[in-house]
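Below is one structure, written out as structure tokens; the observations come after it.
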Amino acid sequence: MTDSSKMEKDRNKMAESVLNLTLEILFQLTGEDYTVVKKTSSDGCLGPVCDGWGRSLSPIMAPPLHPLINEDINVQKILELTNKMIELLTREVTLQGMFL
């Protein structure tokens, strides 16, 4: 495997991880799952696509029936997910509780 193909594979893996963490944070905030649709400029994507990115979920067709903000927000879980994302992007480990 060449250095450029390894770098591209690592970059794709990081993007996938950041996207999955972002989806999990959205779930923690709203209590709703979201669908990722991956398409190219030439695609006329008509339905939900998982393509290995996150969970295969139903498309959002209507506004939520409950308030957008989930009242049972798990702040600690969101902080953990945010720290994981920062670690991925900076390649540094953050101190636990640093953002409290």
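Points worth noting:
- Qualifying residue in region 74-81 (condition: assigned to a helix (DSSP H, G or I), touching a Lys or Arg at 6+ places or on another chain (Cβ under 8 Å) and either basic (Lys, Arg) or at pLDDT 80 or above (or both)): no
- Residue match in region 39-50 (condition: at pLDDT 80 or above, part of a loop (DSSP other than H, G, I, E, B) and not acidic (Asp, Glu)): yes
- Filter result for Val93 (loosely packed, with under 13 Cβ neighbours inside 10 Å, in contact with a helix residue (DSSP H, G or I) (Cβ under 7 Å, 6 or more places away or on another chain) and modelled with pLDDT of 55 or more): yes
- Looking only at region 1-38, residues that are free of Cβ contacts under 8 Å to residues at least 24 places away in the same chain, farther than 16 Å from Leu89 by Cα and of a type in the set (A, V, I, L, M, F, W, C) come to 5 in all.
The values are calculated or read from the model by the stated rules, or taken from the named source; none is laboratory data. Note that the structure is a prediction, hence the values are computed from the model and not measured. FYI the Cβ positions are ideal-geometry reconstructions off the backbone, even for glycines, and counts take in every protein chain you see.
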